[in-house]
Every structure is written in C-alpha cells, then in structure tokens.
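Data block below; observations after.
No lab work stands behind these numbers, since they all come straight from the coordinates. Fair warning: this is a prediction, and the values are worked out from it, not measured in the lab. Note: ideal-geometry Cβ built from the backbone for every residue, glycine included; neighbour counts use all protein chains shown.
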Amino acid sequence: HDELTGTTFASARLELLWSAALIALLGGVVYWWPKLFGRLLDARLTSLSAIVLTVSALLLAVGHGAAGWSGQASHTGVTIDDAGTASLVAALGVPGLALGLLLFGLAKLKAAKGRRVGNDPWEGDTLEWVTASPPPPGNFGSVPPVTSARPLDDLRRSLREQGAL
C-alpha cells in the first residue's frame with residue numbers, strides 16, 4: 001500500500017500499538033500495586049479507565065485509519081473534506097485518552113487512603129506473594145522450599161490435607 005505512505009493511516013497503526021502497550025502497562029500496575037504499596041487500586045475506577053482508554057484508542061486509530069484511506073496526509077489536523085468525518089472521530093479519541101488516564105490517576109489517589117490488604121490479595125501461586133507487602137529488603141529470611149512451578153498452591157494443598165487450612 002504505497003499510496004497510504006505519508007497518510008494518517010500509517011500513524012493509526014502506531015497509535016494502536018502504543019495504546020495497547022499503555023493499557024497492558026496499566027494492567028501490570030493494577031496487578032503489582034498491592035505488592036508494592038500494600039493497598040488495592042479501586043476496581044471500578046481501573047475498569048472504567050481501561051474501557052475509556054480502549055474505546056478512545058479505537059476512535060483515534062480507526063478515525064485516522066479511515067482518514068488515511070481517504071487520502072488525508074499526515075500532520076494535517078482535522079479537515080473538512082472527504083476525510084473530515086473520520087478525522088473528527090479520531091480527534092474525539094484524544095480527550096478520551098486523557099480522561100482514561102485521569103480515571104487511573106484517581107484510582108491511585110483513592111488507594112493511598114484505602115484499607116491495607118494482605119500479602120496475597122490475588123491468591124497467587126508464586127513466591128512473591130508469600131512475602132510482606134511491601135516486600136522487606138531481601139524478601140525472605142531463607143529461601144522457601146520449591147517443589148513445583150506453583151509453590152504457594154503446593155503449600156495450600158499441604159495445609160488443607162493436614163486440616164490446618
């Protein structure tokens with residue numbers, strides 16, 4: 001598609017990539033937040049943030065893709081021509097991205113005053129979830145026994161079998 005080179009279609013592909021990377025990064029932050037700070041992020045705010053970011057990224061990328069398909073050159077802004085409607089749809093995605101990030105920031109602020117959670121709020125199966133939250137220097141006094149890829153699952157099973165859990 002040499003005719004699409006230099007159009008907003010090319011930037012649409014990059015917008016999809018960085019948007020997906022941003023959403024994945026924020027998902028990782030949600031997962032690791034309780035281990036790092038001992039508190040959960042608000043699930044409603046982070047879910048709403050993810051939805052707003054996804055919809056906004058799609059508006060931006062699909063709008064720019066359609067505008068580029070109609071021949072709109074890169075870096076032209078919103079135009080009133082054949083690509084105008086698609087370009088306007090893309091422009092609607094930008095404040096949506098800002099809103100999604102703002103919602104995520106609000107979740108972080110709310111978490112600072114939220115209740116503390118235990119060391120393993122996700123009931124994870126790997127060793128990082130057995131240490132305190134936030135982890136102390138050195139994490140473990142001694143290395144816990146590891147007999148499989150899911151040592152905490154093994155420990156829970158053993159405790160259930162012994163009637164201790």
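Listed values, structure above:
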item: Theoretical gain in end-to-end length, VAL94 to ALA112 [0.36 nm per residue, Cα-Cα removed]; result: 3.7 nm
item: Sites SER47 and GLN162, calculated FRET efficiency, Cβ-Cβ separation with R0 45 Å, nearest 0.05; result: 0.75
item: Region 95-154: Cα Rg divided by the 2.2 N^0.38 Å rule of thumb; result: 1.59
item: Distant-in-sequence amide H partners of ARG39 (H built 1.01 Å from N, under 5 Å); result: VAL117
